[in-house]
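The values are calculated or read from the model by the stated rules, or taken from the named source; none is laboratory data. Given the structure is predicted, the values throughout are model-derived calculations rather than measurements. Cβ: placed from backbone, ideal geometry, glycine included. Neighbour counts: every protein chain shown. Side chains included, ligands, DNA and RNA excluded: accessible areas come from the protein's heavy atoms. Shrake-Rupley method; radii C 1.70, N 1.55, O 1.52, S 1.80 Å.
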Amino acid sequence: MVLSKTASQTEVSIHSTFASRYVRTSLPRFKMSEESIPKEAAYQIINDELMLDGNPRLNLASFVTTWMEPECDKLIMAAINKNYVDMDEYPVTTELQNRCVNIIAHLFNAPLGESEAAVGVGTVGSSEAIMLAGLAFKRKWQNKRKAEGKPCDNPNIVTGANVQVCWEKFARYFEVELKEVKLRDGYYVMDPEKAVEMVDENTICVAAILGSTLNGEFEDVKLLNDLLTEKNKETGWDTPIHVDAASGGFIAPFIYPELEWDFRLPLVKSINVSGHKYGLVYAGIGWVVWRSKEDLPEELIFHINYLGTDQPTFTLNFSKGSSQIIAQYYQLIRLGYEGYKNIMENCRDNMTVLKEGLDGTGKFNIVSKDIGVPLVAFSLKDRSHFDEFQVSDMLRRFGWIVPAYTMPPDAQHVTVLRVVIREDFSRTLAERLVTDIQKVLHELEVLTTKLNGNAAKITIAGEVVTKNGTCGCKEKCFRNAEGNHYGLEEVCHGEEEDEWCLLGPFLYIKRSNFNNTESSSWT
């Protein structure tokens with residue numbers, strides 16, 4: 001089963017204009033060809049198709065690193081053929097991973113002795129790291145319940161509704177109930193008080209987010225720790241905390257060192273962080289570290305002997321590349337504390353430039369916070385004529401990829417645009433983005449004015465209804481004299497005009513959806 005949709009469902013052959021100097025035979029799209037083709041042709045065919053991808057540097061939707069120094073690129077390519085799992089063949093690579101784990105554990109203030117090794121592992125990203133941390137919490141909770149003679153078949157985990165989808169995956173894949181604290185207007189992260197209220201004897205942990213995907217905000221882990229400590233004293237439970245620091249783990253230690261969110265808080269037992277986000281490594285590396293050996297049940301760890309010593313391993317997959325581990329070690333020793341601090345401060349400064357520029361237009365409400373992941377989340381003050389999705393769509397004309405999305409329950413009526421500020425997003429780009437957004441707003445306003453100047457009416461089953469704009473259902477619709485509206489269920493971009501009728505900017509409705517509808521019905 002192919003989970004993603006293909007751009008074309010036809011069996012039209014693949015062929016390249018420039019590759020024709022090497023080969024004239026077309027290739028089947030979804031089947032392996034019978035014959036080989038020259039390497040030059042294969043390269044040209046793929047290269048031509050990839051030109052239609054977006055520019056990673058202008059992909060402001062992603063937190064993932066899109067630029068590294070050429071020296072690190074060389075290290076990555078030199079290790080591209082190393083399988084990390086072959087620890088006996090590549091013991092130095094394993095040593096570099098162990099160094100990274102210890103560096104990160106100390107960065108997160110793990111209570112380690114002078115010569116004590118940290119407990120942690122490199123993963124393919126924070127999703128795997130969260131799965132491993134969740135499994136550790138679940139197994140430890142199960143072991144305790146069995147020892148007490150209590151049932152252990154109904155575990156749950158408490159999070160905010162703003163968590164990344166990997167938490168939902170963990171809950172579903174490993175049969176753990178996910179108890180979500182709903183959001184509300186103006187408060188788009190987990191409320192610690194409500195979270196603690198949801199904790200019961202079956203709660204394996206409470207997950208706090210250091211850097212919400214939605215607006216970059218840091219959740220109050222310190223308050224959560226204090227409230228949960230009191231509840232544990234009252235109930236006799238020992239419910240722990242996991243911190244999902246996928247985005248904020250490489251930010252807070254450098255520009256908010258006084259913020260208490262890590263192992264300085266006694267209930268924080270494990271932390272995950274994405275090396276491929278603000279750890280400044282290309283996609284494919286994450287980390288999870290535990291407070292101590294006692295927080296990772298021994299039965300989850302597999303042991304491998306290599307070079308006469310014991311090598312513990314705790315992962316979901318087996319084979320994986322070594323390049324990203326080596327790249328992470330490069331960044332840690334290349335930049336050091338000073339380098340990371342400078343980069344994160346620069347990201348924060350460029351965030352401020354973008355925020356002030358957007359605020360200066362007078363068109364947006366800023367949803368993100370000053371303290372948090374360097375990003376700007378913003379929403380339109382006036383959505384009566386066009387919305388954030390249309391702004392996002394039009395920005396692609398300038399090459400910008402800026403996502404628009406709705407908030408989770410109970411703030412799903414709020415729609416925002418989000419720009420993630422990475423190391424390679426300069427002040428010049430921030431200023432240019434503001435300029436292009438102003439151009440988009442102007443074009444949408446002009447189009448809307450033209451449309452409103454010639455009010456659209458259409459006959460539906462004998463009654464005349466008038467274009468209403470945007471109503472409470474968040475859909476473009478028509479409304480009749482009694483106030484009943486007709487929602488538009490089919491939206492299309494760029495279909496044939498003889499089949500689709502233009503209702504507004506980038507919005508088309510199929511004539512066949514309505515009875516007695518002709519092009520002459522428009523005024």
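Here are the numbers for this structure:
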{"read-out": "Viscosity 1.002 mPa s, temperature 20 °C, Stokes-Einstein D of the stretch 58-143 from Kirkwood C-alpha radius, µm²/s", "value": "134"}
{"read-out": "Sorted peptide list for 247-255, 200-208, criterion being average Cβ within 10 angstrom, highest first", "value": "247-255, 200-208"}
{"read-out": "Overall dimensions of the stretch 100-234 by Cα: Rg and Dmax, Å", "value": "15.8, 49"}
{"read-out": "Label-point separation, N47 to R397 (7 Å along Cα→Cβ), nm", "value": "3.2"}
{"read-out": "C-alpha center-to-center spacing [the stretch 256-288, the stretch 358-411] in angstrom", "value": "27"}
{"read-out": "All-pairs Cα distance distribution in the stretch 235-374, expressed in whole percent, bin size 5 Å", "value": "2, 8, 13, 16, 17, 15, 12, 8, 5, 3, 1, 1, 0, 0"}
{"read-out": "Label point distance in nm, E294-N83, each placed 7 Å from Cα along Cα→Cβ", "value": "3.9"}
{"read-out": "Heavy-atom accessible surface of the stretch 71-170: percent carbon and sulfur, 1.4 Å", "value": "52"}
{"read-out": "Relative packing of 279-288, 378-387, which averages over residues the other C-beta atoms within 10 Å, highest first", "value": "279-288, 378-387"}
{"read-out": "R264-K439 FRET efficiency (beta carbon distance; Förster radius 45 Å; 0.05 resolution)", "value": "0.45"}
{"read-out": "Whole-angstrom Cα spans of the stretch 281-364 along principal axes, big to small", "value": "64, 27, 25"}
{"read-out": "Environment charge at V199 (Cβ cut-off 9 Å; Lys +1, Arg +1, Asp -1, Glu -1)", "value": "-1"}
{"read-out": "Gain upon complete extension [H303, K369; 0.36 nm per residue less C-alpha separation]", "value": "19.3 nm"}
{"read-out": "Spin-label pair R383/D226, simplified geometry with 7 Å Cα→Cβ offset, distance in nm", "value": "3.5"}
{"read-out": "Three-way shape call for the stretch 187-314 based on the alpha-carbon gyration tensor, with the a/c threshold at 1.5", "value": "oblate"}
{"read-out": "Ordering of 183-192, 231-240 by packing [mean C-beta count within 10 Å, highest first]", "value": "183-192, 231-240"}
